[in-house]
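Structure, as structure tokens:
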Amino acid sequence: MVKHAFSALLCLVNGLLIAVHGWAEPVANSAHHGVILQYHHIATDTPASTSLSPKVFRQHLEILKTEGYHVWGLPELVTALRAEQAVPDRVVVITFDDAYDDIATTAAPLLNEFGYPFTVFVSTDFVDRKQHGYMTWDQLRALQAQDVTLANHTRSHLHLLRRDEGLSDRDWLQALRREIDGAEQRIKAETGQNWRYFAYPYGEADAAIIDALQDWGYLGFGQQSGALDKRLLESGMAPRFPFNEHYRELADFRVKASSLPLPVVQETFPGWVFAEAVIPELRLQLADHKGQLTCFASGQGPIKVLSKPQHVYVIKAPKPVAVGRSRYNCTLPVAGEAGRFHWYSRMWIRKRDDGSWYPEP
Ligand SMILES: [Zn+2]
């Protein structure tokens, strides 16, 4: 694999990294970013919103193999971004949430055929009680022969924002810590893995929860789309591109897998969770760039982007965001590369007008 050739070179020149910068090919083809793909089921008999068919999943793997991608494990990408090491362009990480058994029976053999590492974010209570449809600890251990990263998705897959009645902020954060540390301990006890990588159930969190996660030493991964750089990794909610039967077009996969992060210098937004009708205003300051920033709001199509001096953009939908989870997605063409885009997403969560939580579909 090209990845290993590249790592070997870095080893050989350990202490002489300047020499690497003078080496023509990797520089021309190097980057400080990657893309994380998120899947749940690989199956045809599970809900469309959390499933992709084995046929389309195989097509994703074929594209990664034949169109110049480097499939890395999550720890490799995290380590490289944190250390600000140059990585090859088009690095992609494959992740699965929830540890469904079709990952062991259907996805893992396909990934093995391609020699690709992957990550499973495990909600440990389901595995502990041998719930139908989930992997067992034996299955998870067996996957480790295949370069699998086993990471944290809470014990019970709770909604982190839906606080039990009567609990103070402090007590609720303590309850969340028991969920998250508890899952980490179970994964460590059963498999020896202990990464402190955490995927938010439903991709939901707010600033207080993200801060707490970071204080507890976890690296958080969300479900808002977009390419990843060091800034986003350290933001506490790294983006991942979700794929399911509603997003199964291969052209869409190609755009997402090849995307680059938006060069955000500064970002302001009014909050994470709203309990009334609001039109959130997102302000992005970008590094010097060419091309036109285009933004979309969930269910509203293209939205107005006001361009201000110094590459500042003010982004606001015409209508309030809908109850539930929604997003503003913004793209910017990559200069000189037709069909490639910088991609950025900001998630909004809106409760029902009476302050209660929306039902989970
Ligand atoms: Zn989940």
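The values are calculated or read from the model by the stated rules, or taken from the named source; none is laboratory data. Treat the numbers as computed from the prediction; the structure is a model and nothing was measured. Neighbour counts run over all protein chains shown; Cβ positions are idealised from the backbone, glycine included.
Brief remarks on what is shown
- Residue match in the range 332-340 (condition: touching a Phe, Trp or Tyr at 6+ places or on another chain (Cβ under 8 Å), surrounded by 13 or more Cβ atoms within 10 Å (Cβ to Cβ) and outside any loop (DSSP other than H, G, I, E, B)): yes
- Scanning the range 209-239 for residues being within 15 Å of the chain's Cα centre (by Cα) and within 27 Å of residue 174 (Cα to Cα) gives a total of 16.
- Pairs with Cβ under 6 Å, 6+ apart, first in the range 193-208 and of a type in the set (A, V, I, L, M), second assigned to a helix (DSSP H, G or I) and near the ligand (Cβ under 9 Å from one of its atoms): none
- Residues that are over 18 Å from residue 317 (Cα atoms) and touching a residue at least 24 places away in the same chain (Cβ under 8 Å), drawn from the range 337-350: 339, 340, 341, 342
- Condition check for residue 289: of a type outside the set (Lys, Arg), under 19 Å from residue 337 (Cα atoms) and at pLDDT below 95: yes
- Filter pass, residue 234 being out of contact with any helix residue (DSSP H, G or I) (no Cβ under 9 Å at 6 or more places or on another chain) and within 30 Å of residue 312 (Cβ to Cβ): no
- Members of the range 305-324 found to be farther than 16 Å from residue 277 by Cβ and in contact (Cβ under 8 Å) with a residue 24 or more places away in the chain, listed by number: 305, 310, 311, 312, 313, 314, 315
- Single condition residue 164 does not satisfy, out of (1) in contact with a Lys or Arg (Cβ under 9 Å, 6 or more places away or on another chain); (2) among the charged types (D, E, K, R); (3) assigned to a loop (DSSP other than H, G, I, E, B): (1)
- Candidate set: the range 161-183, residues that are within 15 Å of residue 215 (Cβ to Cβ) and within 16 Å of the ligand (Cβ to nearest atom); chosen: the one surrounded by the most Cβ atoms within 10 Å (Cβ to Cβ): 180
- Meets criteria (over 27 Å from residue 217 (Cβ atoms), within 16 Å of the ligand (Cβ to nearest atom) and not charged (D, E, K, R)) for residue 197: no
- Counting only strands (runs of 3 or more DSSP E) wholly contained in the range 40-158, the ones carrying 1 or more residues that are among the β-branched types (Val, Ile, Thr), under 20 Å from residue 245 (Cβ atoms) and within 16 Å of the ligand (Cβ to nearest atom) occupy 91-97.
- Of all residues in the range 117-133, those that are farther than 13 Å from residue 190 by Cβ and buried (at least 22 other Cβ atoms within 10 Å of the Cβ) total 4.
- Filter result for residue 298 (under 25 Å from residue 89 (Cβ atoms), touching a strand residue (DSSP E or B) at 6+ places or on another chain (Cβ under 7 Å) and among the polar types (S, T, N, Q)): no
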